[in-house]
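**Student:** Below you will find the structure I want to go over with you.
The values are calculated or read from the model by the stated rules, or taken from the named source; none is laboratory data. These numbers come from a predicted model, not from an experiment. Here Cβ is always computed from backbone atoms with ideal geometry, including for glycine, and neighbour counts include all displayed protein chains. We work out accessible area using only protein heavy atoms, side chains counted, and drop any ligands, DNA or RNA first. Shrake-Rupley method; radii C 1.70, N 1.55, O 1.52, S 1.80 Å.
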Amino acid sequence: QVQLVESGGGLVQPGGSLRLSCTFSGSFFTIYAMGWFRQVPGKERKFPAIIDSGGSTNYGDSVKGRFTISRDNAKKTVYLQMNSLSPEDTAVYYCNSRLGASTFWGQGTQVTVSS
């Protein structure tokens with residue numbers, strides 16, 4: 001069974017930066033695709049960033065050039081570096097792991113961008 005634990009959320013001013021971390025508990029981390037999704041109340045969950053098992057990345061249009069996803073296979077951890085944050089980035093951020101038909105989610109971490 002896979003468990004995902006996010007950390008690093010919080011309150012940041014517009015223009016600031018945050019780095020989210022997601023620690024993976026379980027086996028075969030290296031073959032999982034990992035992603036960060038975000039959700040605001042009343043709206044569907046959307047993805048800002050995905051990194052596959054080979055290290056290839058994909059980003060949502062709204063975060064390209066500002067967010068960077070990376071993974072440390074030795075630490076079984078995936079990161080989301082978020083720069084130039086704006087109030088529109090305010091959301092609960094969820095870590096996701098996917099292997100074939102198996103998908104797992106973390107509990108989410110709140111990111112609030114406000115002055």
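**Student:** By its C-alpha gyration tensor, with a ≥ b ≥ c as the square roots of the eigenvalues, how is the stretch 65-115 shaped: rounded for a/c under 1.5, else prolate for a/b larger than b/c, else oblate?
**Tutor:** prolate
**Student:** In the neighborhood of Ser56, defined by Cβ-to-Cβ distances under 15 Å, what is the net charge if each Lys or Arg adds +1 and each Asp or Glu adds -1? Before the final figure, lay out each step's value.
**Tutor:** Details: positive: Lys64, Arg71, Arg98; negative: Asp52.
Local charge sum for Ser56: +2.
**Student:** I would also like to ask the following. Straight-line reach from Lys75: which lysines have a Cα under 29 Å away, not including same-chain ones fewer than 8 places off?
**Tutor:** Lys46, Lys64
**Student:** When the accessible area of the chain is split by element with a 1.4 Å probe, what percent falls to carbon and sulfur? Could you put the intermediate results ahead of the total?
**Tutor:** On the way: 2900 of 6030 Å².
It is 48 percent, rounded to a whole number.
**Student:** Within the set of other residues whose C-beta is less than 12 Å from the C-beta of Ala91, count the net charge using Lys and Arg as +1 and Asp and Glu as -1.
**Tutor:** On the way: positive: Arg38, Lys43, Arg45, Lys46; negative: Glu44, Glu88, Asp89.
Net charge in that neighbourhood comes out at +1.
**Student:** Still on this structure, I have one more. By the gyration tensor of its Cα atoms, with a ≥ b ≥ c the square roots of the eigenvalues, what is the shape of the chain: rounded for a/c under 1.5, prolate for a/b over b/c, or oblate?
**Tutor:** Details: a/c = 1.79, a/b = 1.67, b/c = 1.08.
Prolate, since a/c reaches 1.5 and a/b exceeds b/c.
**Student:** Round to the nearest 0.05 the FRET efficiency obtained for Asp61 and Leu99 when R0 = 22 Å and r is the Cβ-Cβ distance. List each step's numbers first, then the result.
**Tutor:** Numbers: r = 26 Å, r/R0 = 1.19.
In this case the efficiency is close to 0.25.
**Student:** Can you check what the net charge comes to around Pro14, using other residues whose Cβ is under 14 Å from the Cβ of Pro14 (Lys, Arg +1; Asp, Glu -1)?
**Tutor:** Details: positive: Arg66; negative: Glu88, Asp89.
Local charge sum for Pro14: -1.
**Student:** Sorted by packing (mean other beta-carbon atoms within 10 Å per residue), highest first, where do 98-110, 66-78 land?
**Tutor:** On the way: 98-110: 14.0, 66-78: 17.2.
Top of the packing list down: 66-78, 98-110.
**Student:** Roughly what would the spin-label model give for Ser27 and Thr90, points 7 Å off Cα along C-beta, in nm?
**Tutor:** Once both label points are built, they end up 4.4 nm from each other.
**Student:** I've got another one for you. Might you tell me the accessible area per residue for the chain, computed with a 1.4 Å probe and given in Å²? Please report the intermediate quantities before stating the final value.
**Tutor:** Working: 6030 Å² over 115 residues.
On a per-residue basis, the chain sits at 52 Å².
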